Each structure stands twice: as C-alpha cells, then as structure tokens.
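Enquirer: First the structure, which I've put down as structure tokens, then a few questions once you've had a look.
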Amino acid sequence: MNRRQSERILGQVLSLPTAPFAEHHVLDYIRSFVAARSTVTARTDAAGNILVHYQHGRQRVPRPICLAAHTDHPGFVAQRMLSSKKLQALWRGGVRPQYFPGSRVRFFSEGEWVRGRITSIGTTGRGPRTTVKNAVIDVPARVAPDSPGMWDLPEPAVRNKRIYARAIDDLAGVAAMLACIHDIDARRQRGQAYFLFTRAEEVGFVGAMAACKAKTIPKRCVVIAIETSSQRPHARMGDGPILRVGDKSSMFTPSATAFAGAVAEDLAQKKKRFTYQRKLMDGGTCESSAYCALGYDATGICVALGNYHNMNVTSKRIGAEYIDLDDFARLAEWFVALVETRRRYNGQDPTLSRKLETLQREFNPLLRKTARP
C-alpha cells in the first residue's frame, strides 16, 4: 500500500464537516471517490447509507466481507437564527455538559465556515445522566438551517507520528476503507467485498440498523465494523490496530473474530512490521453489537483514540482527537488483506476446531478405556 496516498486521503476526509444527520459532505466525497474507480460501484439506500461493491473477476465469494464505518461525529445542526447574531442549534452526540459553556464552534454554511461561541445550553436528565440537547451560539453572520456544526479546532496536523483533527471518530475509519478501495482498484486484485458507509451512529447507530432492516448488506456477508475507540490502559496507541472481541454491551460473533484474527496473523507472517492487538474494548457500544443483534455474523476492528469525542480529560476542555499514523497504516493494510485473503469465511473457527479435534482423537480412547459404568 502507498502510505503517502493513504495519508493524503486521511487528511482530506478529516477536513470535511459532518454531524449526525448532516453527513452530506462526507457522503459526497465518497461518491466522487468511488466514481473515479472502475472496479467498484456504489448505491445509496433509503436511509442515505452508501454501499460500495468491489468485484474483479467472475469468482463469487460465498461469504464475502463487508467493512463498515460511520460518517458522522458528535456535532451541532443549525436550527434557526434567534437574531442577526444569535444562532440556535441542536446538539447530537456524547459529550459531557461541562465542556460546552464558552467553547468555540464553527458551522459550515453555504460553502463557508462561520465561527461562534456558545453562550448557553439546554439539557435533559439529571446528575450523571444529564445530556445536552441544544445550544445558543453567538455568531458574526447568518448560518443557514441544517448546516453542520463542529468544535472550532485547527485543520488536521501531524505531530510526532500522530495526526490531530476536529473529528477522527469515525472519519479515520472511512479514510482507511477508501485507502483500501484505492489500493485494490489500482492493482486489480481478484476478489469481492462490500464497504458500507453509515449515517447517524452517534445517536445510537440508527443508520446501521436501517441498513440491516432494508437488507442493504447482503445477508451472506460477514460484517466487520470499523471504529476509533477510546484508548484504554490495556490497549495502547502505537501498538497496532485492535481486533475487538466485544464492546460494553455484547461479545461479537466468535467465528468472525477468529477469521479476522487469522487474516491478521497471515499478514504478520508476511510483513514483520505489521502488529495488531486483540482486546475487549468496553468503553462504549458500537455498530458491531447492532449487526449481531440483527442477525449478521459480525466483529469489529478499531484503532486507539486520544481525546475521545474531543474531551481532553486532563485540561477539562475541548481538544483535537488524535491517533497514531502507524496504527492507521496497519489498519488499511489489514483491510486489503481481508479483501484479498484466500481464506474463506464459513461461520466456523477452523483453528479452534482443529485443536479440539486433535484433543478428541488423542484422549477419547483414554476416556472410553477409563470409563466406569
């Protein structure tokens, strides 16, 4: 994989404005990206999710993979101007209320950024369950209704092998999938795979659930949801992308997790610099739980994220999210390997099955010999 090219895609995607139900700038970028490549096609379902299909060669894969990432990030959506310089906006996503008062924000309105400062917020719930629902923002100019709003943080920047940006969750996952599409299209590798770009994950993965219920994802697929997940003491940034065995709500399909792990082991044998981790990332719930609950074999892969949802817990202020660029490069390589692997997913864990069969052959005779009626 061309690392310079994949990082260029990452920088472009991280620069795009987005918020739940206002992801159109990211979705337009994806459509344009796919239209320029001959081995992939894209279609948009009734919920606005985009499914990209890669097919080169006539061979049909019985159980193809479907990589999935969401195109939104916690953010604002402009409602209406209360006066010539006061904007009311909805808030959607998980950020604690104490991070809002006085924070600077920006809205992408009619092709331009309009910056402002939060003067007040509306909340619901009590105590630790308090959540922000809306905000009043001082702005220097009119903001068009439905414009996406984000924290007013700098453009993407690389420092010490890490990239910092306004929104990495989950635009980095989107970028890694696009880098994979670019690579397999450029090399015309034989294979078949799907790539799902979902909407409105930050309010409860409603785009992913809509895609399942509309059968946007072919039922025979094994789904691998991609995330950036808050760094944990046992899952450190820079140690490689992470194979998620589960999240806060559920354990994922064991055979799907084993398949993704086997492909990673194959890749590590070929490329000694490739490393990955296998962890339970229980800081929150992700789309993989929804895919499993709605009848798909599914697992998850993520990279460790700093300043999750822009919350800098040290300074108690809004900050840029960040990830390790080596983790990102290995994530994209893993995706390519999942598309190109000669392994075929059949709903079983072949490594575990072989181990169990070996133990049975060795010890079943002894069981029968020593059994007493």
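The values are calculated or read from the model by the stated rules, or taken from the named source; none is laboratory data. If you're wondering where the values come from, they're calculated on a predicted model, not measured in any experiment. Glycine gets a Cβ as well: all are built from the backbone with ideal geometry, and neighbour counts include every protein chain shown. These area figures cover heavy atoms from the full protein model, side chains too; ligands, DNA and RNA do not enter into them. Shrake-Rupley method; radii C 1.70, N 1.55, O 1.52, S 1.80 Å.
Enquirer: Sort out which residues of the stretch 178-188 are within 17 Å of the chain's Cα centre (by Cα) and surrounded by fewer than 24 Cβ atoms within 10 Å (Cβ to Cβ), and write them in order of number.
Expert: none
Enquirer: R342 fails exactly one of the following numbered conditions: (1) assigned to a loop (DSSP other than H, G, I, E, B); (2) touching a strand residue (DSSP E or B) at 6+ places or on another chain (Cβ under 6 Å). What is the number of that condition?
Expert: Result: R342 fails condition (2) only.
Enquirer: What number of residues within the stretch 274-315 are at pLDDT below 95 and not aliphatic (A, V, I, L, M)?
Expert: 5
Enquirer: Ok, one more. Go through the stretch 128-137 and report how many residues are open to solvent by less than 40 Å² (accessible area, probe 1.4 Å) and either part of a loop (DSSP other than H, G, I, E, B) or closer than 14 Å to G93 by Cα (or both).
Expert: Residues meeting the conditions: 3.
Enquirer: Of the residues that sit in the stretch 232-242 and are surrounded by fewer than 24 Cβ atoms within 10 Å (Cβ to Cβ) and among the aliphatic types (A, V, I, L, M), which one is nearest to Y322 (Cα to Cα)?
Expert: M237
Enquirer: Quickly run through the stretch 189-199 and pick out the residues that are open to solvent by less than 60 Å² (accessible area, probe 1.4 Å) and either part of a helix (DSSP H, G or I) or out of contact with any Asp or Glu (no Cβ under 6 Å at 6 or more places or on another chain) (or both). Lay out the reasoning, then the answer.
Expert: Kept after step one, since they are open to solvent by less than 60 Å² (accessible area, probe 1.4 Å), are these residues of the stretch 189-199: 191-199.
Selection gives Q192, A193, Y194, F195, L196, F197, T198.
Enquirer: Follow-up question, since we're still on this one. Could you check the stretch 207-226 and list, in sequence order, the residues that are under 14 Å from the mean Cα position of the chain (by Cα) and part of a helix (DSSP H, G or I)? Give the steps one after another, and end with the answer.
Expert: Taking the stretch 207-226 and keeping what is under 14 Å from the mean Cα position of the chain (by Cα), we get 207-208, 223-226.
G207, A208 - these are the residues of the stretch 207-226 that are under 14 Å from the mean Cα position of the chain (by Cα) and part of a helix (DSSP H, G or I).
Residue-by-condition table, conditions (1) open to solvent by 20 Å² or more (accessible area, probe 1.4 Å); (2) touching a helix residue (DSSP H, G or I) at 6+ places or on another chain (Cβ under 8 Å):
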{"position": "S250", "(1), (2)": "yes, yes"}
{"position": "S255", "(1), (2)": "no, no"}
{"position": "V263", "(1), (2)": "no, yes"}
{"position": "Q269", "(1), (2)": "yes, no"}
{"position": "T275", "(1), (2)": "yes, yes"}
{"position": "T285", "(1), (2)": "yes, no"}
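Enquirer: Okay, next question. Let me confirm something: among P145, P140, which residue is surrounded by fewer than 20 Cβ atoms within 10 Å (Cβ to Cβ), within 25 Å of V206 (Cα to Cα), more than 26 Å from the chain's Cα centre (by Cα) and modelled with pLDDT of 95 or more?
Expert: Criteria check complete, one pass: P145.
Enquirer: Sticking with this one: Taking the stretch 297-308 as the search range and keeping residues that are open to solvent by less than 10 Å² (accessible area, probe 1.4 Å) and not polar (S, T, N, Q), which one is farthest from R92 (Cα to Cα)?
Expert: The extreme case among them is A298.
Enquirer: Looking at (1) open to solvent by 10 Å² or more (accessible area, probe 1.4 Å); (2) in contact (Cβ under 8 Å) with a residue 24 or more places away in the chain; (3) within 19 Å of the chain's Cα centre (by Cα), which is the one condition that is false for A22?
Expert: Among (1) open to solvent by 10 Å² or more (accessible area, probe 1.4 Å); (2) in contact (Cβ under 8 Å) with a residue 24 or more places away in the chain; (3) within 19 Å of the chain's Cα centre (by Cα), A22 violates only (1).
Enquirer: Moving to a separate point now. Open to solvent by less than 20 Å² (accessible area, probe 1.4 Å), part of a helix (DSSP H, G or I) and hydroxyl-bearing (S, T, Y): does that describe S229? So that I can check it myself, show each step before the final result.
Expert: On the way: open to solvent by less than 20 Å² (accessible area, probe 1.4 Å): yes; part of a helix (DSSP H, G or I): no; hydroxyl-bearing (S, T, Y): yes.
It is false that S229 is open to solvent by less than 20 Å² (accessible area, probe 1.4 Å), part of a helix (DSSP H, G or I) and hydroxyl-bearing (S, T, Y).
Enquirer: Select from the stretch 312-345 the residues that are crowded, with 20+ Cβ neighbours inside 10 Å and hydroxyl-bearing (S, T, Y) and write down the one among them that is nearest to V105 (Cα to Cα).
Expert: Ranking the qualifying residues of the stretch 312-345, first place goes to Y322.
Enquirer: Output the number of the condition that G125 fails; it satisfies all remaining conditions of (1) open to solvent by 10 Å² or more (accessible area, probe 1.4 Å); (2) touching a strand residue (DSSP E or B) at 6+ places or on another chain (Cβ under 6 Å); (3) on the phi < 0 side of the Ramachandran plot.
Expert: (3)
Enquirer: Are any of the residues in the stretch 156-176 open to solvent by 10 Å² or more (accessible area, probe 1.4 Å), part of a loop (DSSP other than H, G, I, E, B) and among the acidic types (D, E)?
Expert: no
Enquirer: Just checking, which of R3, R60, R92 is more than 23 Å from P145 (Cα to Cα), touching a strand residue (DSSP E or B) at 6+ places or on another chain (Cβ under 9 Å) and of a type outside the set (A, V, I, L, M, F, W, C)?
Expert: When all the criteria are applied, what remains is R60.
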